Number of protein chains: 2
Amino acid sequence: MKLKVKDIDIATGWPLVAVLNELDALKLDLHYEDRLKIKKGRKSVIAIIDITESKKVVPTGQIGLYEEVLTKLNAKSGNFVDVSLVEKPVSIQYIKRKLKGKKLGYKEIYKIIDDINNNRLSEIEITYFVSACYTKGLDLDETVSLTKAMINTGGILKLNKYPVMDMHCIGGVAGNRTTMVVVPIVAAAGLTIPKTSSRSITSPSGTADTMEVLCNVCFSIKEIKNIIKKTNACLIWGGSVNLAPADDKIIRIEHPLSLDPEGQLLASILAKKKSVSATHLLIDIPVGKGAKIESRKKALYLKRLFESISKKLGIKIRVVIIDGSQPIGNGIGPELEARDVMWVLENDLRQPLDLKEKSIKMAGLLLEMGGKAKKGAGTKKALKILNSGAAYRKMMQIIRAQCGKKIKADDIKIGKFRYNFRAKKSGVVTHIDNDSISKIARAAGAPLDKGAGIYLHKHVKDSVKKGDKIFTVYAKNKQKLGYAVNVLRKIDGVVVK
Amino acid sequence: MKLKVKDIDIATGWPLVAVLNELDALKLDLHYEDRLKIKKGRKSVIAIIDITESKKVVPTGQIGLYEEVLTKLNAKSGNFVDVSLVEKPVSIQYIKRKLKGKKLGYKEIYKIIDDINNNRLSEIEITYFVSACYTKGLDLDETVSLTKAMINTGGILKLNKYPVMDMHCIGGVAGNRTTMVVVPIVAAAGLTIPKTSSRSITSPSGTADTMEVLCNVCFSIKEIKNIIKKTNACLIWGGSVNLAPADDKIIRIEHPLSLDPEGQLLASILAKKKSVSATHLLIDIPVGKGAKIESRKKALYLKRLFESISKKLGIKIRVVIIDGSQPIGNGIGPELEARDVMWVLENDLRQPLDLKEKSIKMAGLLLEMGGKAKKGAGTKKALKILNSGAAYRKMMQIIRAQCGKKIKADDIKIGKFRYNFRAKKSGVVTHIDNDSISKIARAAGAPLDKGAGIYLHKHVKDSVKKGDKIFTVYAKNKQKLGYAVNVLRKIDGVVVK
């Protein structure tokens with residue numbers, strides 16, 4: 001059947017969609033979410049069908065095409081295209097099988113992930129998959145299959161080295177920029193550590209956002225290999241190298257219900273590590289009120305899962321469960337965090353000692369795993385590398401290799417407008433809530449305004465007198481400072497007893 | 001925050017969607033599928049957010065609004081609107097609870113169904129609900145709650161009568177237009193039977209499509225009351241009176257994976273019956289290869305479920321399980337079926353006896369349930385009413401009350417182009433596949449082309465000689481006849497042994 005193209009001036013991102021009038025759909029015996037092959041000359045695409053009752057949107061005899069489909073077909077309004085029904089992808093049968101509680105094998109999971117990657121499944125279909133994984137659970141084999149499928153459908157940074165170190169933090173703790181201290185220590189010790197990080201989704205800053213204050217974080221795989229050759233390390237945004245790309249689409253589907261199915265969480269983390277050729281991996285699970293994982297029992301469960309799956313993937317792993325009940329470091333927000341990191345590396349008096357302490361502990365474990373320190377001697381070695389200035393010089397090398405400019409903490413400028421939150425009574429700080437601190441920092445403009453955020457003058461267990469500054473909010477302008485103060489008044493987040 | 005309206009020239013049907021540029025979403029701290037209140041003057045709507053990276057689609061400072069939102073706000077391109085974040089509907093928490101396997105109460109299920117009805121939930125969110133009901137199942141209480149929620153969120157046809165008879169067939173058997181024979185018999189006996197039917201979704205014709213050959217089937221609740229007052233009955237399309245409206249949206253979500261969760265199926269049927277004030281209900285479950293329910297065990301399970309739920313709803317029910325392994329009647333397709341029905345009512349020699357037999361059996365049971373015949377004497381009474389011409393005269397009354405014209409079988413014109421499928425060898429017909437017959441009839445143009453479809457000359461157990469006509473395909477034009485013959489060659493569907 002031939003139909004006339006109508007340009008629908010919007011991009012859906014994914015998947016590819018074509019809109020037909022109800023009457024044409026009836027004529028062609030097509031239903032909502034059926035697949036249509038659309039041909040123009042030698043070019044063809046497969047799109048998912050949406051059906052409209054409105055003649056205004058798409059009249060009969062026409063087919064509404066979104067930006068992405070038009071580009072792929074090199075078509076414009078008024079062109080004619082040939083359409084024919086094609087079978088639904090077989091992966092839909094596999095999703096249904098999982099919904100019924102059956103176990104899926106590697107080939108089936110690979111097909112689902114490959115189809116998600118290539119925009120062959122609709123949002124509804126992917127939702128069924130996510131939901132099946134959530135309600136029926138993934139067993140060990142399935143999680144390993146999902147991890148392998150994510151690796152094999154994405155980009156790979158092939159490094160012919162051994163060992164290749166890597167680290168990952170489960171997240172949810174404000175500040176916590178240990179990565180940017182650990183990587184230069186480990187690389188200064190002569191180990192390879194190709195670190196990819198994420199940007200913030202719901203936090204005031206991701207490691208990639210904070211590193212971006214100092215230098216570029218988006219590179220191609222070729223450029224990354226060059227950076228690693230020069231410095232043993234990199235500190236880049238994972239999104240720029242297309243590792244495990246199906247993951248982003250799955251996360252988008254999970255967001256409306258804030259789902260976090262374990263199998264998928266683990267597969268997503270491990271796939272990204274395996275994709276950068278990691279052989280040794282340190283996982284950090286902060287536990288505490290307001291952190292992503294709130295109970296020690298859940299953390300131990302995840303630890304065992306990580307260990308089992310890593311074994312099957314041939315990755316040597318070490319999982320540490322640490323206190324995540326309050327923010328780590330003083331700064332929260334990209335520039336405030338970057339300044340903390342540089343103060344630690346510069347051994348400046350203003351450095352946050354909790355960040356330093358956690359970083360050398362983590363770096364120490366990696367040094368032990370990589371054979372650069374004996375068991376139990378890692379922390380001491382890491383501290384030595386940090387205090388000698390070797391880690392600072394390594395960080396400068398990395399920043400320069402990543403086209404950076406700012407290499408001193410004092411080069412970093414913080415938001416001009418500020419508000420001090422002061423203690424309403426004297427006592428001891430007993431709780432600083434990660435979640436509340438994040439919300440205030442985001443309201444102030446973080447992570448988009450790099451200089452916005454919060455600086456903590458006090459931590460849990462510190463004594464305060466009435467009127468003492470507990471934290472300062474920074475913002476780019478008065479209005480955003482106002483937003484943050486509004487949020488602060490509603491949720492507070494600091495307990496003094 | 002104020003944003004400038006950009007008109008996006010497409011209607012989504014539901015839910016209400018607003019598109020923001022990625023940078024504005026970041027500034028407002030909004031995420032995919034968050035809710036936004038959009039205000040213009042005194043009018044406001046709540047829309048679900050979609051986020052675009054493309055400046056071409058929606059530039060920063062603007063908000064892309066679809067047709068439905070523009071209409072509700074009375075806004076056009078260039079207007080300014082005020083936007084603010086609103087909380088997600090609480091029903092999302094209930095959906096998550098069900099996904100986790102918890103049981104939902106009436107208030108929670110009502111809120112979900114009400115939000116689906118009022119376009120407050122996105123497709124992804126509804127998919128999670130459908131999927132939770134499918135994987136975790138609905139127990140008896142939950143199914144009753146779902147049924148009541150569907151009744152209380154939709155239109156109601158209030159009839160102050162007792163008894164009010166109704167019937168429903170689970171479907172999947174081609175032809176099977178018993179309803180159009182049963183209703184006039186039952187009404188002629190003096191019982192009230194307000195029958196609403198569906199249109200075809202994947203079959204060659206629904207009862208509403210077939211009835212539409214003879215008269216109008218879309219009426220308002222007021223008009224329907226009038227028709228019932230005149231005739232004791234009606235034979236209309238349920239979609240025109242908005243009974244249990246959430247149902248259609250749920251069915252649309254189930255379609256991509258062809259899911260059919262029992263709880264939802266039963267709730268959907270019983271809600272529609274309760275909404276027309278039915279007090280006595282006859283359910284017909286055809287069982288057999290190619291029917292919707294293929295095993296007797298499954299049919300018995302559904303029978304018990306129907307009985308339990310109806311009891312809680314105060315409906316007297318009778319469930320019959322009958323042979324559904326082959327089509328019933330000779331015609332398949334709107335006009336071919338309507339002609340069969342009229343032949344039965346007219347007692348014409350060409351009437352299909354299987355349709356007649358099944359219809360008097362069903363009508364007999366309804367007469368017994370409604371107190372118009374003693375137990376065991378219903379079929380005989382029904383046959384008497386049919387043979388006396390009273391049912392035919394009642395059907396004429398109904399057709400006239402529904403603004404109809406054609407009241408004789410011979411007024412009905414069948415598709416001009418035809419193809420005879422003949423026996424390739426002599427023997428006995430052992431199988432006629434419902435599903436294959438449906439596909440061929442749809443390819444020929446049914447239900448859109450009212451005259452298209454199939455006429456069966458032979459049924460299962462009939463003897464045939466090589467070259468005998470087994471069925472004839474009818475179509476409006478040569479091309480569609482070609483489509484049907486192509487399908488026929490691929491799937492066949494008739495077994496002669």
- Query: Given label points at 7 Å from Cα along Cα→Cβ, what nm distances, shortest first, separate A:SER220 from the same residue in every other copy?
  - Reply: 6.7
- Beyond 27 Å (Cα-Cα) in this structure, taken from B:LYS88/B:LYS222; B:LYS158/B:LYS316; B:LYS356/B:LYS408, we find B:LYS88/B:LYS222
- Under a 5 Å amide H to amide H cut-off, with H placed in plane at 1.01 Å, what residues pair with A:ILE321 once short-range neighbours are removed? A:ILE285
- Task: Counting other beta carbons within 10 Å of each Cβ, put A:LEU281, B:LEU366 in order, fewest first.
- Result: A:LEU281, B:LEU366
- Message: Loop only by DSSP, 10 or fewer other Cβ within 10 Å of the Cβ. Give me the GluC sites (Glu not before Pro) in the stretch B:65-100 that pass, ordered by residue number.
- Response: B:GLU87
- Selection from B:PHE421, B:GLN93, A:LEU313 lying farthest towards where the dipole of the protein assembly as shown points positive, charges on Cβ: A:LEU313
- Query: Can you give the convex hull volume per residue for the Cα atoms of the protein assembly as shown, as a whole number of Å³?
  - Reply: 189
- For the stretch A:60-108, divide the Cα radius of gyration by the Kirkwood radius and give the resulting Rg/Rh value with two decimals. 1.23
- Message: Taking A:VAL86 in one copy and the same position in all the others, each labelled 7 Å out along Cα→Cβ, what are the pairwise distances from the first, in nm, shortest first?
- Response: 4.1
- Query: Can you list, shortest first in nanometers, how far A:GLU22 lies from the same residue in the other copies, with each label 7 Å from Cα toward Cβ?
  - Reply: 3.7
- Message: On a straight-distance basis, which aspartates and glutamates could pair with A:LYS43 in a cross-link, Cα separation under 13 angstrom, same-chain partners fewer than 8 positions away excluded?
- Response: A:ASP82
- Around A:ALA291: net Lys/Arg minus Asp/Glu count, Cβ-Cβ under 10 Å: -1
- Once Rh is set to the Kirkwood radius over Cα pairs, what Stokes-Einstein translational diffusion coefficient, in µm²/s, holds for the stretch A:78-184 at a temperature of 10 °C and a viscosity of 1.306 mPa s? 93
- Given the stretch A:2-86, what percent of its DSSP beta bridges are antiparallel, to the nearest 5? 65
- Task: Tell me, rounded to the nearest percent, the portion of alpha carbon pairs in the stretch A:161-206 spaced more than 17 Å apart.
- Result: 37
- With the convex hull built on the alpha-carbon atoms of the stretch A:1-156, volume per residue in Å³ sits at 123
- Taking Cα pairs under 8 Å and at least six residues apart, what relative contact order does the stretch A:2-86 come out at, in percent? 50
- Contact order relative to length for chain B, counting C-alpha pairs under 8 Å separated by 6 or more residues, stands in percent at 14
- Item | Filter on A:LYS100/B:LYS102; A:LYS225/A:LYS272; A:LYS416/A:LYS469; A:LYS102/B:LYS272 - keep pairs with C-alpha separation over 26 Å | A:LYS102/B:LYS272
- Note on the structure: For the table A:LYS195/A:LYS312; B:LYS297/B:LYS424; B:LYS230/B:LYS405, the rows whose alpha-carbon distance is greater than 26 Å are B:LYS297/B:LYS424
- Averaged over residues of A:252-262, the number of beta carbons from other chains lying within 10 Å of each residue's Cβ is 5
- Message: How large is the direction-averaged shadow of the alpha-carbon convex hull of the stretch B:244-374, in nm²?
- Response: 9.8
- the stretch A:415-496, relative contact order in percent, only Cα pairs under 8 angstrom and at least six apart counted: 48
- Partner aspartates and glutamates for A:LYS413 [C-alpha distance under 16 Å; skip if fewer than 8 residues away on the same chain]: A:ASP209, A:GLU212, A:GLU335, A:GLU337, A:ASP340, A:ASP449
- Note on the structure: With +1 on the Cβ of every Lys and Arg and -1 on the Cβ of every Asp and Glu, the dipole magnitude of the stretch B:2-86 about its Cα centre, in debye rounded to the nearest 20, is 520
- Message: Nothing charged except the Cβ atoms of Lys and Arg (+1) and of Asp and Glu (-1): what's the magnitude of the dipole of the stretch A:415-496 about its Cα centre? Round to the nearest 20 debye.
- Response: 340
- Query: Where a ≥ b ≥ c are the square roots of the eigenvalues of the C-alpha gyration tensor, would you call the stretch A:2-86 rounded, which needs a/c under 1.5, or, failing that, prolate if a/b is larger than b/c, or oblate?
  - Reply: rounded
- Message: If N is the number of residues in the stretch B:91-137, what value comes out of its Cα radius of gyration divided by 2.2 N^0.38 Å?
- Response: 1.01
- Which one of A:ALA47, A:VAL182, B:TYR66 is farthest out on the positive end of the charge dipole of the protein assembly as shown, using unit charges on Cβ (Lys, Arg +1; Asp, Glu -1) and the Cα centre as origin? A:VAL182
- How much of the calculated P(r) for the stretch A:415-496 lies past 19 Å, in percent of all Cα pairs? 31
- Message: What does DSSP give for chain A in terms of the percent of beta bridges that are antiparallel, rounded to the nearest 5?
- Response: 50
- Item | Student exercise, the protein assembly as shown dipole from Lys, Arg, Asp, Glu Cβ charges, in Debye to nearest 20 | 840
- Which of the lysines could a cross-linker bridge to A:LYS107, judged by Cα under 16 Å and excluding same-chain residues fewer than eight apart? A:LYS96, A:LYS98, A:LYS148
- Which whole-number value in Å³ per residue fits the convex hull of the alpha carbons of chain A? 170
- Task: Could you pull the Cα extents of the stretch B:349-436 along its three principal axes, largest to smallest, in whole Å?
- Result: 50, 35, 25
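Coordinate-derived values only; no laboratory data. Predicted model only: the values in this text are computed from it and were never measured. Cβ atoms come from the backbone with ideal geometry, glycine included; neighbour counts cover every protein chain shown.
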